[in-house]
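One structure below.
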Amino acid sequence: GAGVSQTPSNKVTEKGKYVELRCDPISGHTALYWYRQSLGQGPEFLIYFQGTGAADDSGLPNDRFFAVRPEGSVSTLKIQRTERGDSAVYLCASSFGQGRETQYFGPGTRLLVL
Amino acid sequence: QQQVKQSPQSLIVQKGGISIINCAYENTAFDYFPWYQQFPGKGPALLIAIRPDVSEKKEGRFTISFNKSAKQFSLHIMDSQPGDSATYFCAASNTGGFKTIFGAGTRLFVKA
């Protein structure tokens, strides 16, 4: 079966621009997570969805970052007024539920802000 | 208190040797400790996980040792193979488990 997919795989943008990153979770998974991974570091939690609602967005670094999951499946991470420091790999993961359910990660979107 | 500290940063092991990666945590609310393996260009993949009610869990060549009183846990890879060369992350989460905290990672290289 298909795993978690993320598009685009790579995104180059200029400082100040707006970007959208998409995540297609595994079918049937109700939980969806976004992480950010900087070079040489572990994934850093950004936000978690259970169904359509953001159950915890405490990891979003500031109000330039926003994520939605309107139908409880596909999610979009939106970054406004991008900064060079936003450059990282943005990972999406999904699981059947919360708790100790295995999180399945996508390959990530590599964002480069020039 | 949310940190998970991982060491070493990098590790070189001969084929057939034992690879050992260590992690420590502070938040006693953590009750689920997974290890992830990540290859270049890929997302992390769950390797093995443990709960604090057991001191050891083994799956094939991979073993987690857990010391609750010391708030430390480690991954042992027995008979390490070149195909094990990857970055390994320890992690921790609490009941509810949606907010997983990752260590900084260990880059393992197994020499043939």
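Each of B:Ala91, B:Thr106, B:Gln37 was scored by the projection of its Cα onto the charge dipole of the protein assembly as shown, and the greatest displacement toward the positive side belongs to B:Thr106; charges sit on the C-beta of Lys, Arg, Asp and Glu. Charge dipole (Cα centre; +1 on Lys/Arg Cβ, -1 on Asp/Glu Cβ; no other charges) of the stretch B:27-95 amounts to roughly 100 debye. Given a 1.4 Å probe, how much area per residue of the protein assembly as shown is accessible, in Å²? Here the residues of the protein assembly as shown average 48 Å² of exposed surface. Just which residues of the stretch A:24-63 lose 10 Å² or more accessible area with every protein chain there, against their chain alone, with the probe set to 1.4 Å? Those residues are A:Tyr33, A:Tyr35, A:Gln37, A:Gly40, A:Gln41, A:Gly42, A:Pro43, A:Phe45, A:Tyr48, A:Asp56, A:Ser58. Shown for chain B: the carbon plus sulfur share of the solvent-accessible area, taken with all protein chains present and a 1.4 angstrom probe, equals 49%. Go through the stretch A:65-114 and flag every residue whose accessible area shrinks by 20 Å² or more with all protein chains in place compared to the isolated chain (probe 1.4 Å). Listed in order, they are A:Gln98, A:Gly99, A:Arg100, A:Thr102, A:Gln103, A:Phe105, A:Pro107, A:Arg110.
Here the stretch A:12-114 has 49 percent of its accessible surface on carbon and sulfur atoms, given a 1.4 Å probe and all protein chains in place. Chains A and B together bury roughly 1700 Å² of accessible surface, counting both sides and using a 1.4 Å probe on protein heavy atoms. The DSSP beta bridges internal to chain A are antiparallel in roughly 90% of cases. Only Lys, Arg, Asp and Glu carry charge here, each on its Cβ (+1 for the first two, -1 for the last two); on that basis the protein assembly as shown has a dipole of about 500 debye about its Cα centre.
The values are calculated or read from the model by the stated rules, or taken from the named source; none is laboratory data. In this text, all values refer to a predicted model and were calculated from it rather than measured experimentally. Ideal geometry is used to build each Cβ from the backbone, glycine not excepted, and the neighbour counts take in all protein chains shown. Note: areas computed on protein heavy atoms with side chains; ligands, DNA, RNA excluded. Shrake-Rupley method; radii C 1.70, N 1.55, O 1.52, S 1.80 Å.
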